[in-house]
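Quick note: the coordinates plus some simple rules give every number you see, no bench work behind them. It should be emphasised that the depicted structure is a prediction, and the values quoted were computed from it without experimental measurement. Here the Cβ positions follow ideal geometry from the backbone for every residue, glycine too, while neighbour counts run over all protein chains shown.
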Amino acid sequence: MDIKVNGPEPTAAEREAVDAVLGAPVSAWSGGKRDLGKEGRIALLGGNEARAQRHLLLPTLHGVQDRFGWLPPGALAYLSNRLTIPPAEVHGVATFYHLFTQEGGAPNHVHVCDDIACRHKGGLELLQQLNQQHSGSKTVEVHPSPCLGLCERAPAALVLRSGKVAQGCALGHATVGTVGNALQPDTFPDEGTDWLQSAVPQGGDPKANLALLARVGHCDPASLDDYRATGGYIALKRAIELGGEKTISEVTASGMVGRGGAAFPTGRKWDAVAKATDSTRYVVCNADESEPGTFKDRVVMEGDPFALVEGMTIAGVAVGAKKGFLYIRGEYPLAIRRMQGAIDSAHKANLLGERILGSENSFHIEIRRGAGAYICGEETALFNSIEGLRGEPRNKPPFPVQHGLFNKPTVINNVETLINIPLILREGGTTIGGLGTQGSKGRKLFCVSGHVARPGVYEYVFGISLRQLIEQAGGVPHGRPIQAVLLGGAAGAFVGPGQLDVPLTFEGTRAIGATLGSGVVMVFDDTVDLGDTLGRIAAFFRDESCGQCVPCRVGTTRQEELVQRLRHGKPLGTAADETALLDEIGQVMRDASICGLGHTASSALQSAIKLFGPGILSGKLAEKNHV
Amino acid sequence: MSEPFREPEMWFHAPPRPTRIPLAPVKEAKPPINLTVDGQAVTVPDGATLLDACKAKGIDTPTVCFHPNFTPVNVCRSCVVELDGSRTLVPSCSRKAEAGMLVKTDSERVKTSRKMVLEFLASSVDLSTAPELQARCKEYGANPSRYGQPEPAHAAGERDSRCAGHHHIPTGEQAQRVAQPVKVDNTLYVRDYSKCVLCYKCVQACGDEAQNTFAIAVAGRGFDARISTENAVPLTDSACVYCGNCIGVCPTGALMFKSEHDMREAGTWDESQQKQTDTICGYCGVGCTLTLHVQEDKIVKVTSPADIDITHGNLCIKGRFGFEGINNR
Ligand SMILES: Cc1cc2nc3c(=O)[nH]c(=O)nc-3n(C[C@H](O)[C@H](O)[C@H](O)COP(=O)(O)O)c2cc1C
Ligand code: SF4
Ligand code: SF4
Ligand code: SF4
Ligand code: FES
Ligand code: FES
């Protein structure tokens, strides 16, 4: 492919930033020095080979952003040449992600969460203070951010420092002071494990009988020995002994269904890939966790990274894949560091790589970093993102088990799904399958946040009710009444104080028109202006729609306008007209959108209006209750 | 040639090829597919889409992003139909027909979705030069005015510099639009993205479906998504070679010959006074079919029929824009 690149000449530093990711150029055709003796007149790297590098686009963009804090045009032009990607497409991909800064960005960025959990806990004030402090600054840029996945320690902020060694850290209970400290080079206030213990309030309690979270906060996440001493890697050995087919039978017997939101039977997914005719297959772990209110995957990756490595490896062995990708959202710098550490240690111990534990199986894991886009959690958008395309979901069918990553049969699973796998193989599929209820087997992680005394990740065998879970989390502080609970995140639904006895199972939540989704349980007491929360949710979908299909691109926009009209008390026609219009907007998004984002974009809103009437949007209710 | 070709003796003989170039495997013709559309039995060949099945029964289906020569991108969702057993509606332009499918094209669900899609487009995009879409809006009873007064146009470049993940919270009193000044940055064609429905066809035409120049791509996200050159530079600083193939596929007139744009501005554009004449381009030996659109004895634009094998509707800069010489004769 012959592409035309008009951009400015790269500076030495810009070249260096790109070469740091891609290595030195081998060919004059891709931006290197011309060496006729070596290369002759035929490109060393041409045609198919050049095109096959497209998947390096996202890592290279990260390299440039990390080095400068923004994407200088010279660097983009150089990387276009290096990767043979047309500059217009590079621009299209770069502008898709909100962690990439386009024009003249500052070297340091602070992303302050103003999403639904943080905005009631000082997030908005923090954002305002930081905006004031850094207004006009050439070194620090402050951005409002959707949920940073630290809801248990609201308010949250993410500090990204650029430079030769880029550094990022995510801060819980953030203040102007801690953000200021984190802006100093070489400080990593997010290291350590103390706060991991508070993220898992049940931790260390033998009565809680934790299986998935047992190690979090109580084992050194950097120590493979600790992991092995606590039952780690027994499951991989067993899977290798059993072989693919029997391993999959165990998973099927456990009744495991995906924990990423869609609740698809995991065994069936694996079986389809294992039986695919194409022998090049992939395992992808979806760690893009961006659903507002969800933070379980981060806690697991930070606290028990080897469990995920083991789970992915078993998946690879079971379906006959040699390569796995772990796609972690870019807002999780610590999880990325810890997972990379675990992958490296596993490699050294021959638990990853060629001929694992002396068997015939080989498996490698590569981490890919997201760059700020909720939609890249949708499985096919995630594939496109890895492949170096815009993170736009693909139309289904075909499904990932047939045509997934690089068009190959692919198993894609959520982090929580995959850490259940070692457990299933250790304890036996039928044992796990005997836990829980008729329609929900095994254990589930819940992300409890908002107005509860002890927010954090909780683990229970399926069957606990919402009321019990809130009680376990210490109930609502100051004895205030519950106004509503958001189940399943922004894509989920609100339930009212009268529905607290709903069992937190797939079938139980479905029966009341709600969903477990990613396990979000966000509690709102009676002081919260739910109208403001709904406004934020509407803004979230308006921001995060990929923009590809009309129902969702325009629908999320019209929906937000409608919410704001009602908030300002200026409906077009009556409030009833507006709810009827919202129903129609919701219907076309649900019926005609390409992907799950559009399908669920109106769900939380409609559930709240159903519970409280359109008056909830005006915020009068909460004002009355404010102390 | 009457004499059979004979190799001259002194020519170099290449060694025989070790293997034959493999031929594409002969595909076994699969049996045709029987399905039901709106209660009527339809038979279509294997590989046909639901849109083909609708066509076969004479069922008229609105399409915006579909182009018969391109791989369907299925983004506009105006062609959705109800498929028995599917939780959501499915895009007929891309969904392959399967045996036994039960398809409905006239249910309330289908009508509502189509109406809403058209309403969304009409309330956010200027459809004044898209008569077919206007007719569809009427047909489905779309009422774009129910989202409030349209907001004023954005300043030049404002939409091009929007960042993903942030937007100004609207008051909701005015309906947001993509309205912005028309981009006139060269003498051959203009880009009026106020009229862009984001059908992706121009990107496909400029990319590997036709031109392989890749001068434009979709940038941004959500409602801020837009067609853009790299860093939104003017076309003259981009990779564009002015083949005009993007103009040829644009369904709304967002991409338009400068000659047409200028005449519309001056109020002299009058399609009823135009004649279309097919001819063969004289610039090179390929011999592309040109359709000359002539008004008052002047060529006002040039297209090529999309269903002709030689061009598939595509031309190069010479055939597309090289008519000034004739006009100046
Ligand atoms: C808009 C959207 C966002 C999603 N985000 C995530 C995510 O962050 N993590 C995740 O595991 N699944 C996410 N999913 C679900 C995935 O598409 C997919 O179903 C899941 O990764 C499959 O894994 P599982 O079977 O283990 O649940 C998302 C889906 C949609 C529609
Ligand atoms: S539903 Fe929304 S996010 Fe999904 S493909 Fe359509 S525009 Fe993109
Ligand atoms: S005129 Fe041709 S090269 Fe230029 S943008 Fe259109 S299709 Fe691409
Ligand atoms: S400019 Fe025209 S062809 Fe291109 S996306 Fe917009 S409407 Fe479609
Ligand atoms: S981190 Fe702020 S809402 Fe989740
Ligand atoms: S024509 Fe089928 S989705 Fe656009």
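So if a site counts as exposed when it's one of the GluC sites (Glu not before Pro), its DSSP state isn't H, G, I, E or B, and it has at most 15 other Cβ atoms within 10 Å, what's the longest stretch of chain B without one? Write down the numbers at each step before the final one.
Values: sites that count: B:GLU9, B:GLU28, B:GLU98, B:GLU158, B:GLU173, B:GLU296.
Segment B:174-295 is the longest.
So what are the ³J(HN,Hα) numbers for region A:462-475, from phi and the Karplus equation (6.51, -1.76, 1.60; θ = phi - 60°), rounded to whole Hz, Gly and Pro as x?
3, x, 5, 8, 4, 4, 4, 4, 5, 5, 4, 7, x, x
Would you calculate a helix-derived [θ] at 222 nm for chain B, using -39,500 (n - 2.57) for each DSSP H run of n ≥ 4 and dividing by the full residue count, to the nearest 500? Could you put the intermediate results ahead of the total?
Numbers: 8 runs with 63 residues, N = 329.
Taking each H run of at least 4 residues, the total per residue is -5000 deg cm²/dmol.
Which of the lysines could a cross-linker bridge to A:LYS441, judged by Cα under 27 Å and excluding same-chain residues fewer than eight apart?
A:LYS207, A:LYS237, A:LYS246, A:LYS269, A:LYS275, A:LYS296
Could you list, in their original order, any pairs among A:LYS610/B:LYS195; A:LYS323/B:LYS27; B:LYS138/B:LYS201; A:LYS570/B:LYS183; B:LYS30/B:LYS111; B:LYS30/B:LYS57 whose Cα atoms are separated by more than 27 Å?
Working: A:LYS610/B:LYS195 37 Å; A:LYS323/B:LYS27 32 Å; B:LYS138/B:LYS201 24 Å; A:LYS570/B:LYS183 36 Å; B:LYS30/B:LYS111 34 Å; B:LYS30/B:LYS57 21 Å.
From A:LYS610/B:LYS195; A:LYS323/B:LYS27; B:LYS138/B:LYS201; A:LYS570/B:LYS183; B:LYS30/B:LYS111; B:LYS30/B:LYS57, over 27 Å: A:LYS610/B:LYS195; A:LYS323/B:LYS27; A:LYS570/B:LYS183; B:LYS30/B:LYS111.
Apply the membrane-span-like helix rule to chain A: whole DSSP H runs, Cα extent along the own long axis of at least 20 Å, mean Kyte-Doolittle hydropathy at least 1.0. List the helices found.
On the way: long enough: A:305-319 (22 Å, 1.63); A:333-348 (23 Å, -0.36); A:530-544 (21 Å, 0.02); A:550-567 (25 Å, -0.71); A:575-592 (25 Å, -0.07).
Length and hydropathy pass: A:305-319.
What residue among B:LYS55, B:LYS27, B:LYS96 shows peak mean-square fluctuation when chain B is described by a Gaussian network model with Cα springs under 10 Å?
Between B:LYS55, B:LYS27, B:LYS96, it is B:LYS27 that shows the largest mean-square fluctuation.
Counting DSSP beta bridges in region A:108-184, what percent are antiparallel, to the nearest 5? List each step's numbers first, then the result.
On the way: 10 of 16 bridges.
Here the share of antiparallel DSSP bridges comes out near 60 percent.
Taking the alpha-carbon set of region A:530-625, what are its Rg and Dmax in Å?
Computed over the Cα atoms of region A:530-625, radius of gyration and Dmax are 12.7, 42 Å.
Please compute the modelled spin-label separation between B:ASN212 and A:GLN129, points set 7 Å along Cα→Cβ, answer in nm with one decimal.
Here the answer is 5.9 nm between the modelled labels.
Among the lysines, which fall within straight-line cross-link reach of A:LYS138, defined as a Cα-Cα distance under 19 Å, with same-chain neighbours fewer than 8 residues apart omitted?
Partners within reach: A:LYS164.
If you take every DSSP beta bridge fully contained in region A:206-433, what fraction is antiparallel? Give it as a percent rounded to 5.
Numbers: 2 of 19 bridges.
Bridges in region A:206-433 that DSSP calls antiparallel: roughly 10 percent.
Can you tell me which of B:ASP192, B:ASP309, B:ASP52 moves the most in a GNM of chain B? Springs connect C-alpha atoms under 10 Å apart.
B:ASP309
Counting Lys and Arg as +1 and Asp and Glu as -1, each charge on the Cβ, what is the dipole of the protein assembly as shown about the Cα centre in debye, to the nearest 20? Before the final figure, lay out the partial values.
Values: 97 positive and 104 negative charges, 184 e Å.
Magnitude of the dipole: close to 880 debye.
Going Cα to Cα from A:LYS38, which lysines come in below 30 Å? Please leave out same-chain ones fewer than 8 positions away.
A:LYS4
So if a site counts as exposed when it's one of the trypsin sites (Lys or Arg not before Pro), its DSSP state isn't H, G, I, E or B, and it has at most 11 other Cβ atoms within 10 Å, what's the longest stretch of chain A without one?
On the way: sites that count: A:LYS33, A:ARG34, A:ARG41, A:LYS138, A:LYS164, A:ARG355.
My reading of the result: A:356-627 is the longest stretch.
Once the dipole of chain A is set up with Lys and Arg at +1 and Asp and Glu at -1 on Cβ about the Cα centre, which of A:ASN395, A:THR533, A:GLY261 lies farthest towards its positive end?
Checked the options; the winner is A:ASN395.
Given the C-alpha centroids of region A:191-226 and region B:126-143, what is the distance between them in whole angstrom?
So the separation of the two Cα centres works out to 60 Å.
Give me the net charge for the shell around A:ASN407: Cβ to Cβ below 11 angstrom, other residues only, Lys and Arg +1, Asp and Glu -1. Please list the in-between numbers first.
Working: positive: A:ARG394, A:LYS408; negative: A:ASP278, A:GLU387.
Taking every Cβ under 11 Å from that of A:ASN407, the sum is 0.
So what J values fall out for region B:153-165 if you push phi through Karplus, 6.51 cos²θ - 1.76 cosθ + 1.60 with θ = phi - 60°, rounded to Hz, Gly and Pro as x?
Going residue by residue, I get 5, 7, 5, 4, x, 4, 5, 5, 9, 5, 9, 4, x Hz, with x marking Gly and Pro.
Between A:THR505 and residues 5 or more places away or on another chain, which pairs have amide H atoms under 5 Å apart, with H built 1.01 Å from N, and which residues are they?
When sequence neighbours closer than 5 places are left aside, there are no close amide H contacts.
Amide H of A:LEU572 versus every other amide H placed in the peptide plane: which residues, excluding those fewer than 5 positions away on the same chain, fall under 5 Å?
none
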